[in-house]
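Derivation of every value follows stated rules applied to the coordinates shown; laboratory data play no part. The shown structure was predicted, so the numbers you read here are calculated from the model rather than taken from an experiment.
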C-alpha cells in the first residue's frame, strides 16, 4: 500500500462521481431522519472541490486534506460537515511532511477519524451515526492488515456495508434524527452509508489501479 497525492486526487474524483450517482439514494435514506438533503449536500459540495482548489491534483497530501477541511466548513452543508472538517484538519496535521501514506499510516488515519468522530460528534457505537461505519473500518483493518491491499480494502468495504445495514435496526440518538427517533428504525443511517461509499470507492480505486498496471 502506498497512497500519494495523485492517488488521493483520483480517489476523490471517483468519490465525486459516486456521490452524483447515489445522491437520490442518500436523500431518500435521510427522508425520515432529517432534512432529506444528505446526498445533495455532499454532492453539491464535492462538485466545488476541483474548481475551488484547481491545484488539488499536485498539492502535497497535507494541503489536500487542509483543502477538504475548508470545503466541509464553507461549501458542504449538513450536521456531519463540522465533524468531517475537524477530521480532515487532524489528518492534514498528521500528514505534514509525508509524501506517501503507507499501511501503518493508513491504520493510524482510520484511528484519527474514529477518535475525532467520537469527540466532535459526541457519539458512541449504536447511536446510529457515521461512527458505526468508521468503527467497522478500524476493526476490519486491524483484523486483515496483513492481507494484500486489494483484499484489505475489499474486507473494509464489506464490513462497512454490513455495519451500515445494521444501523437500520437502531434508534437514532444524535442530531436532528433523534427528534424523529420513532421513524428511524428500519432505515439505514445516511451518514454511515455515505461513509461506506467512500471506503467502497477506495476499494474500487485500488482494484482499478492494479488492473491498469
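Tell me, what is the percent relative contact order of the chain, built from C-alpha pairs under 8 Å that lie six or more residues apart? Walk me through the intermediate numbers first.
On the way: 310 pairs, mean separation 49.1, N = 213.
Worked out over the chain, it gives 23 percent.
Rounded to the nearest 500, what is the 222 nm mean residue ellipticity of the chain from helices alone, with -39500 (n - 2.57) per DSSP H run of 4+ residues and division by all residues? Each step should come with its number before you reach the end.
Values: 10 runs with 144 residues, N = 213.
The per-residue figure over the chain is -22000 deg cm²/dmol.
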So what's the Cα pair-distance distribution over the range 10-70, bin width 10 Å, in %? 23, 44, 25, 8, 0
Two decimals, Cα atoms only, Kirkwood Rh: what is Rg/Rh over the chain? 0.94
On the first, second and third principal axes, largest extent first, how far apart are the outermost C-alpha atoms of the range 1-119 in Å? 43, 31, 25
Whole percent per 10 Å bin, from 0 to the bin with the longest distance: what is P(r) over all C-alpha pairs of the range 79-204? 14, 43, 33, 9, 1
Relative to the longest principal Cα axis of the chain, at what angle does helix 190-211 sit, 0 to 90 degrees, rounded to 10? 30
Rounded tilt (10° steps) of 5-29 against the dominant C-alpha axis of the chain: 20
So what's the angle, to the nearest 10 degrees on a 0 to 90 scale, between helix 61-74 and the longest Cα principal axis of the chain? 30
